[in-house]
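All remarks here apply to the structure that follows.
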Amino acid sequence: MTKRTAIITDSTCDLPREKLEKHQILIVPLTIIWGQETFRDGVDIQPKEFYQRLENEERFPTTSQPTPEDMEAACRQAADQGAEEILIITISSAMSGTFDSARRAADRFPGPVYLHDSRSNSMGLGWQVLAAARAREEGADPQGMIQAADRARKQMQYLISLDTLEYLHRGGRIGGASRFIGTILNLKPQIAVNHQTGEVEAGRRSRTREKALRDLYRDFFERVDPASGKDLRVAVLHNAAPTQADKLARRVREEYRPQELIIQIVSPILGVHTGPRAIALCGYSL
């Protein structure tokens, strides 16, 4: 750690390994519980293995947030590596107790710890972490880093096309998308993250996978407003559907030429709730 301010986030951020290493970002894993087995997300189980098992096993996994002790241990690690202050950016507090664990750890840790609730997950969180890291590299203090993350959050659009609503329903994380239940379990629903409330909301319904992905693309770029002269950053996210994700990414690159484009498989923690073959677009323009 060569930075005065350390950045800690959680394993739902879906940032590629090279981004984490380049910007010296510490990860605290959430936990997957599968029967009597427990797995640290991204440590004891990797996404490809997880999605294969999810489709083939009758038992349904659950998830658990990091403990305050886990968060405090990450703070100690950062301090031992030379950090003088710490910024923790987490998954939405409306989706997980991770932010509360971070708050409790901050109350106990002797050094200065700043907190930011991303009100998102996956790259909705990841883009905010990157915005904070880049602000740090430009000389910002923790408050300036939080402001940079918040600017990204306010412009963030994050739409997900689910292959099935079953996993979101079974996992109890359906939130504002609950109006789907009982009416379209056999359709291809779209959901979105509301970056004001930090909750999941229902989007449009499509009858086929092909139409669902067309709708996803159109709806995302209608919302993100990639106007001329703005910096556009887009992530194409997938739950073990790499061929479709690559095809979508090629279209994004050819039609919009974003400043930054990331293709990434989604964390098992989030895959528990969104299920196999989900595809998402997440990004913003400033």
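The values are calculated or read from the model by the stated rules, or taken from the named source; none is laboratory data. Treat the numbers as computed from the prediction; the structure is a model and nothing was measured. Don't worry about glycine lacking a Cβ; one is built from the backbone with ideal geometry, like all the others, and counts go over all protein chains shown.
Details
- Counting only strands (runs of 3 or more DSSP E) that sit wholly inside region 3-48, those with at least 3 residues that are in contact with an Asp or Glu (Cβ under 9 Å, 6 or more places away or on another chain) are 5-10, 31-34.
- Pairs with Cβ under 7 Å, 6+ apart, first in region 153-178 and on the phi < 0 side of the Ramachandran plot and at pLDDT 75 or above, second of a type in the set (Ser, Thr, Tyr) and part of a strand (DSSP E or B): GLN155/TYR284; GLN155/SER285; MET156/TYR284; GLN157/TYR284
- Of all residues making up region 196-246, the number that are loosely packed, with under 13 Cβ neighbours inside 10 Å, in contact with a helix residue (DSSP H, G or I) (Cβ under 9 Å, 6 or more places away or on another chain) and outside any loop (DSSP other than H, G, I, E, B): 0
So that you can scan it fast, the table gives a plain yes or no per residue for (1) on the phi < 0 side of the Ramachandran plot; (2) in contact with a Pro (Cβ under 8 Å, 6 or more places away or on another chain); (3) in a helix (DSSP H, G or I):
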{"site": "SER96", "(1), (2), (3)": "yes, no, no"}
{"site": "ARG119", "(1), (2), (3)": "no, no, no"}
{"site": "ALA133", "(1), (2), (3)": "yes, no, yes"}
{"site": "ARG136", "(1), (2), (3)": "yes, no, yes"}
{"site": "MET145", "(1), (2), (3)": "yes, no, yes"}
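- Residue in region 98-109 that is surrounded by fewer than 17 Cβ atoms within 10 Å (Cβ to Cβ), closer than 23 Å to GLY271 by Cα and at pLDDT 95 or above present: yes
- Meets criteria (within 26 Å of ARG170 (Cβ to Cβ), modelled with pLDDT under 95 and within 21 Å of the chain's Cα centre (by Cα)) for ILE191: yes
- Filtered residues of region 219-240 (kept if aliphatic (A, V, I, L, M) and in contact (Cβ under 8 Å) with a residue 60 or more places away in the chain): VAL224, ALA235, LEU237, ALA240
- Residue selected from region 61-78 under the condition touching a Phe, Trp or Tyr at 6+ places or on another chain (Cβ under 9 Å) and surrounded by fewer than 18 Cβ atoms within 10 Å (Cβ to Cβ), by the criterion modelled with the highest pLDDT: ARG76
Per-residue answers, yes or no, for (1) over 21 Å from ALA148 (Cα atoms); (2) of a type in the set (Asp, Glu):
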{"site": "ALA6", "(1), (2)": "no, no"}
{"site": "ASP10", "(1), (2)": "no, yes"}
{"site": "LEU15", "(1), (2)": "no, no"}
{"site": "LEU20", "(1), (2)": "no, no"}
{"site": "GLN24", "(1), (2)": "no, no"}
{"site": "TRP34", "(1), (2)": "yes, no"}
{"site": "ALA83", "(1), (2)": "no, no"}
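- Odd one out for GLU58, checked against (1) more than 20 Å from the chain's Cα centre (by Cα); (2) at pLDDT 95 or above; (3) not in a strand (DSSP E or B): (2)
- Here ALA249, ALA235 are screened, and the one residue that is small (Gly, Ala, Ser), modelled with pLDDT of 95 or more, under 30 Å from GLY97 (Cα atoms) and within 21 Å of the chain's Cα centre (by Cα) is ALA235.
- Among the conditions (1) in contact (Cβ under 8 Å) with a residue 60 or more places away in the chain; (2) in contact with a helix residue (DSSP H, G or I) (Cβ under 9 Å, 6 or more places away or on another chain); (3) farther than 29 Å from VAL236 by Cα, ALA106 misses just one, which is (1).
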